[in-house]
Amino acid sequence: MHTEVFVAGGGVGGLALAVKLASRGVHVTVAEQLDKTSPLYKGELLQPKTINILDSLGVLSDVHEYGNKIEDLEFQEVIRHSSGWLEEISNTKLTYNRLAGDFDYALMIPHDRIKAILKEKGEQFPEYFHYLAGARFLGFENGKAAIKWNKDKKFVEADVYVGAEGRSSPTREAMGVSVNRTDYNHHFLTVTIPRPDDFIEGKIVTTNRCLLGMFPLPDNEVRTVYLIKAGEYKQIKEKGLEYVYRAYGSLEPRLKEHVKAIKEWKKIQLMIPYTYHVDKYVTGNIALIGDAAHTVHPMAGEGMNLAIQDADVLGELVAWCKETGRHYHEYLADYEQVRRPHVEFLLKLSHLSAIVYSYPYEWWRRLRMKAVERMCEDDKLHEKQMLNISGLGKWDFSIVDRAIQAGAFPARKQTITDTQQLNHHFQDYPWKK
Ligand SMILES: Cc1cc2nc3c(=O)[nH]c(=O)nc-3n(C[C@H](O)[C@H](O)[C@H](O)COP(=O)(O)OP(=O)(O)OC[C@H]3O[C@@H](n4cnc5c(N)ncnc54)[C@H](O)[C@@H]3O)c2cc1C
């Protein structure tokens with residue numbers, strides 16, 4: 001079997017890459033080990049840059065149809081009194097509307113839905129898009145990709161091979177790239193539950209010890225994440241669902257009854273956050289995208305976004321090579337040059353967001369509270385934060401910014417213009433110049 005691009009793994013990254021290539025007349029073969037959808041939770045928040053990319057792939061209307069727009073993120077700090085009284089001590093809203101341009105919102109969509117949308121789009125280019133369901137990529141033999149498909153071993157020869165298998169990547173192993181993993185002192189329980197109609201924006205409620213994140217999905221559902229100490233899962237499970245009902249109800253009274261829709265523990269997934277970033281994305285004609293190359297703490301909701309953004313840049317490069325008659329392998333390094341600094345930046349930002357919620361001290365909480373409040377009071381801080389998490393661009397925080405956040409300097413009066421913000425947008429395809 002011969003193809004121009006072979007992609008191991010049909011997750012969000014592999015599929016986004018395949019759709020882009022097929023739509024530009026590049027023959028692409030995706031080998032996906034699963035032959036049906038998986039119920040595993042794997043991220044559902046689409047950031048503005050990713051929505052922009054999905055628009056360019058021609059699937060924006062489907063994404064809107066099956067997604068729930070998120071415009072604001074509410075950060076509420078509370079004290080839970082023994083009487084049951086929930087005292088709000090801080091409430092701050094950050095808004096995606098501060099972003100310049102059309103993509104000034106995020107969107108929650110079930111993970112499998114986004115994959116189904118991409119796969120259906122790919123199938124609109126049957127001459128170029130080849131999807132092998134139930135095909136497990138085993139590694140390389142004699143320069144070809146070996147796959148196990150329908151119990152047989154088959155070989156695929158390609159001009160470019162892409163590892164998009166997620167965290168456990170045979171392509172990465174074949175490249176001899178190792179992973180240096182950093183773990184955290186906390187884990188998360190995550191589950192989707194029903195929500196009231198008017199619960200439509202993202203919200204994080206915190207005490208000095210607990211965190212409950214709520215991100216509304218369509219169909220009156222809400223994805224919840226509840227922070228627990230690393231290693232505490234077994235103990236909590238022994239306490240039973242009553243513990244979860246009480247924890248949720250005491251932090252978000254609006255969900256007090258809705259959380260009781262969880263009837264079995266198996267609906268609740270344990271999520272163990274960790275991060276790594278490989279030191280090499282490209283070797284010869286082999287490249288890594290998405291979680292095969294990097295994984296990120298979920299606090300800032302970036303994981304699947306980074307995978308789709310990698311796919312966009314690599315896809316554009318490969319399509320451009322074909323359209324202009326250039327040799328793929330001579331240009332693959334440009335993909336890494338563009339993506340590595342962007343990914344590095346977002347990994348750091350996510351790591352910092354995780355640290356902010358990692359320590360159960362009251363003084364630490366006060367610092368966090370101040371930092372978030374200042375982001376709302378100071379337009380430059382607000383815009384920088386939203387731009388950075390959106391994936392659209394990068395605007396570093398300066399020492400002055402950090403001093404304002406810590407409360408050492410007053411918030412600035414100036415507002416930022418769209419032009420100032422647009423100057424910090426990423427240039428994703430520099431080779432075209
Ligand atoms: C438990 C969990 C929770 C997460 N929570 C969040 C979150 O809250 N927010 C967020 O943004 N991100 C989250 N992520 C991360 C997010 O899921 C990933 O960053 C994103 O899915 C990466 O996309 P990908 O395409 O690179 O890899 P994946 O989505 O992992 O896709 C890889 C695909 O490759 C297939 N595959 C694997 N090995 C082979 C093989 N040998 N041959 C063929 N196919 C293979 C897999 O079946 C899968 O379909 C979470 C991930 C996990 C595991």
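Overview of values
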item	result
Meets criteria (within 16 Å of the ligand (Cβ to nearest atom) and of a type outside the set (S, T, N, Q)) for E330	no
Extreme residue, farthest from V313 (Cα to Cα), among residues of the range 1-53 that are out of contact with any helix residue (DSSP H, G or I) (no Cβ under 6 Å at 6 or more places or on another chain), more than 8 Å from the ligand (Cβ to nearest atom) and among the small types (G, A, S)	G25
Residue check, D310 near the ligand (Cβ under 9 Å from one of its atoms) and either of a type in the set (D, E) or free of Cβ contacts under 8 Å to residues at least 12 places away in the same chain (or both)	yes
Index of the failed condition, L189 passing every other in (1) in the same structural domain as Y331 (by TED's automatic domain parsing); (2) open to solvent by less than 20 Å² (accessible area, probe 1.4 Å)	(1)
Qualifying positions in the range 108-145 - in a loop (DSSP other than H, G, I, E, B) and within 14 Å of the ligand (Cβ to nearest atom)	I109, P110, G134
Positions within the range 225-242 being more than 16 Å from the ligand (Cβ to nearest atom), open to solvent by 50 Å² or more (accessible area, probe 1.4 Å) and part of a helix (DSSP H, G or I), in sequence order	K234, Q235, K237, E238, K239, E242
Neighbours by Cβ (under 6 Å, 6+ apart or cross-chain): first from the range 122-145, under 22 Å from L57 (Cα atoms); second away from the ligand (no atom under 14 Å from the Cβ) and part of a loop (DSSP other than H, G, I, E, B)	Y128/H27
Scope the range 246-279; condition crowded, with 17+ Cβ neighbours inside 10 Å and over 17 Å from H187 (Cα atoms); matching residues	G249, S250, L251, E252, L255, H258, V259, I262, H277, V278
Residue among T3, T37, T92 that alone is within 30 Å of Y361 (Cβ to Cβ) and hydroxyl-bearing (S, T, Y)	T92
Check on D418, open to solvent by 70 Å² or more (accessible area, probe 1.4 Å), over 25 Å from V19 (Cβ atoms) and touching a residue at least 60 places away in the same chain (Cβ under 8 Å)	yes
Residue satisfying condition, being surrounded by fewer than 16 Cβ atoms within 10 Å (Cβ to Cβ) and not assigned by TED's automatic domain parsing to the domain that holds I51, within set K394, K413	K413
Residue list for the range 46-66, filter: more than 17 Å from the chain's Cα centre (by Cα) and among the polar types (S, T, N, Q)	S56, S61
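The values are calculated or read from the model by the stated rules, or taken from the named source; none is laboratory data. Predicted model only: the values in this text are computed from it and were never measured. When we count neighbours, we look across all protein chains shown, and the Cβ atoms used for this are built from the backbone with ideal geometry, even at glycine. Keep in mind that these areas ignore ligands, DNA and RNA; they rest on the heavy atoms of the full protein, side chains included. Shrake-Rupley method; radii C 1.70, N 1.55, O 1.52, S 1.80 Å.
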